[in-house]
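Please read the structure below before turning to the comments.
The values are calculated or read from the model by the stated rules, or taken from the named source; none is laboratory data. All values derive from a computational prediction rather than experimental measurement. Please note: Cβ atoms are built from the backbone with ideal geometry, for glycine as well, and neighbour counts cover all protein chains shown. The accessibility values were calculated without ligands, DNA or RNA, using every heavy atom of the protein model including side chains. Shrake-Rupley method; radii C 1.70, N 1.55, O 1.52, S 1.80 Å.
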Amino acid sequence: MKYTPGWVLTKIMALGVLCAQKLKRYQQEADILRSLLAQTSFQRHKRGEWYERLLTLLTRYLPEKKANPAISLTARGHIKERVALCKQALNDPHLPPVYYPGISQRLMAAEKALSLLPRERTDVSKYQFREAPTRTIHAKKLTPSEKSALKAGRNLVWWGFSGPSSVENIALEHYCQLGYKGQVDSVICLVVVQQLPSCQPRAHCLVASMYFLDSVRSTQFALAFWDILFCSIPGAFETPFQYMPMDLTTVSFYSRRKHLIDERLDKIRNGEAHHFIEQADERERARNTYCVGLTWNIPKSAFLEIAECIGGNALARIFEYFAKEYGVRNSGAPDLLLWDMGKKSAMFVEVKGPGDRLSETQK
């Protein structure tokens, strides 16, 4: 549905929100946001941002300033409006799940401001994500003189097994000692243990035997959904030289192929991902066919190992996000993807150094 009249008008209105915000016309901005949220056909990936901005307007800019909001009927009315909007957002089937925690926190704060009894408050437990376990890895930091002498880069401030390293590589080295293979910063590292010369600061070192650029996740999606990406859909292909359908980054990509995508996801849940990956790889690799999100520098064995370790249910969930919101889901993954073929397990790891904090999106 890209470039249709509705899409163009929605795009213009979204730009109007930015203009009203710059001009501090907050009531006009809120009216436009309500109009955008009233439709569900275009820019669904923006709905979380629209809800949060409208809640911010209702919280900071639109309420009348009173000396004691607790006894102001007008102020209570604004708070009730925020409560209603939060509930509307959480019940919106098109709201990306990443916004659940933030909006549920706003809902709890608004209900607390209304002094509601516990039994009158909304149960938001189903909108809270399970907290990921935290592991602490210790490493020695380079002194300023060591960093200067080694001419280490800005991010290479820790002593790794092979010299100055980033926090991500320190974490990768740690997990590789435990038997994992890993991907760091969109680079695949097949790691082996090698003996270092005695002059090195560590007795043993984990070094990457192969590095492959680009994203594993987007390449797996391209291979597993190759025939669906290039199936004949009116308006999706204007020339035979396209490397992606024109509607891939819009909501219409999923809606126009729903039965095909849902059927493929069911098969992936049943553990058939390797069949589709192998089939497309064997057919297209020799020709080095160009396709969106795909790189042929990664061996097929790595794709198959990762797919098996992640498991059918989790892999289908990741691919479902890609199919529905490719434009916004093809980035922002955690720092490390680690997998262990012996244990048939995989994990995503976000690495933080001292003083770093998780963003709300990462939480």
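Please state which one of Leu358, Leu304 is under 19 Å from the mean Cα position of the chain (by Cα) and either outside any loop (DSSP other than H, G, I, E, B) or under 26 Å from Ile103 (Cβ atoms) (or both).
Answer to the check: Leu358.
Filtering segment 32-64 down to residues that are assigned to a helix (DSSP H, G or I) and among the acidic types (Asp, Glu), which residue is farthest from the chain's Cα centre (by Cα)?
Glu52
Taking segment 12-25, which residues are part of a helix (DSSP H, G or I) and open to solvent by 50 Å² or more (accessible area, probe 1.4 Å)?
If the condition is that a residue be part of a helix (DSSP H, G or I) and open to solvent by 50 Å² or more (accessible area, probe 1.4 Å), then Ile12, Met13, Leu15, Leu18, Cys19, Gln21, Lys22 are the ones that fit.
Test each condition in (1) surrounded by 16 or more Cβ atoms within 10 Å (Cβ to Cβ); (2) over 24 Å from the mean Cα position of the chain (by Cα); (3) part of a helix (DSSP H, G or I) for Arg285 and report the one that comes out false.
(1) is the only condition that Arg285 fails.
In the list Lys140, Lys151, Lys126, which residue meets the criterion of being among the charged types (D, E, K, R) and modelled with pLDDT under 75?
Answer to the check: Lys151.
Are any residues in segment 80-107 in a helix (DSSP H, G or I) and closer than 17 Å to Arg34 by Cα, and if so, which ones?
Listed by number, the residues that qualify are Lys80, Glu81, Arg82, Val83, Ala84, Leu85, Cys86, Lys87, Gln88, Ala89, Leu90, Ile103.
Could you tell me which of the residues Pro118, Pro133, Pro93 is open to solvent by 90 Å² or more (accessible area, probe 1.4 Å) and closer than 28 Å to Arg53 by Cβ?
So the residue among Pro118, Pro133, Pro93 that is open to solvent by 90 Å² or more (accessible area, probe 1.4 Å) and closer than 28 Å to Arg53 by Cβ is Pro93.
Can you name the condition, by its number, that Leu336 falls short on among (1) under 21 Å from Asn169 (Cβ atoms); (2) of a type outside the set (Lys, Arg); (3) in contact with a helix residue (DSSP H, G or I) (Cβ under 8 Å, 6 or more places away or on another chain); (4) open to solvent by 30 Å² or more (accessible area, probe 1.4 Å)?
(4)
Would you call Lys343 among the charged types (D, E, K, R), farther than 23 Å from Ser255 by Cβ and open to solvent by 40 Å² or more (accessible area, probe 1.4 Å)?
yes
Residues that are over 17 Å from the mean Cα position of the chain (by Cα) and of a type in the set (A, V, I, L, M, F, W, C): does segment 326-336 have at least one?
no
Which residue out of Ala323, Ala273 is more than 25 Å from Arg47 (Cα to Cα) and open to solvent by less than 60 Å² (accessible area, probe 1.4 Å)?
Going through Ala323, Ala273 in turn, the sole match is Ala273.
Would you please list the contacts, defined by Cβ atoms under 9 Å and residues six or more apart or on different chains, that run from a residue in segment 6-24 that is farther than 15 Å from Leu37 by Cα to a residue that is in a loop (DSSP other than H, G, I, E, B) and among the basic types (Lys, Arg)?
Cys19/Arg25
Pairs under 6 Å by beta carbon, first residue under 20 Å from Lys141 (Cβ atoms) and without any contact (Cβ under 8 Å) to a residue 24 or more places away in the chain in segment 332-359, partner open to solvent by 60 Å² or more (accessible area, probe 1.4 Å) and aliphatic (A, V, I, L, M), six or more apart or different chains?
Pairs that qualify, where the first residue is under 20 Å from Lys141 (Cβ atoms) and without any contact (Cβ under 8 Å) to a residue 24 or more places away in the chain and the partner is open to solvent by 60 Å² or more (accessible area, probe 1.4 Å) and aliphatic (A, V, I, L, M): there are none.
Condition (residue is more than 20 Å from Thr289 (Cβ to Cβ), open to solvent by less than 30 Å² (accessible area, probe 1.4 Å) and modelled with pLDDT of 85 or more) applied to segment 239-252: is it met by at least one residue?
Yes, some residue in segment 239-252 is more than 20 Å from Thr289 (Cβ to Cβ), open to solvent by less than 30 Å² (accessible area, probe 1.4 Å) and modelled with pLDDT of 85 or more.
Out of Ala280, Ala333, Ala307, I need the residue that is modelled with pLDDT under 85 and of a type in the set (A, V, I, L, M, F, W, C). Which one?
Ala333
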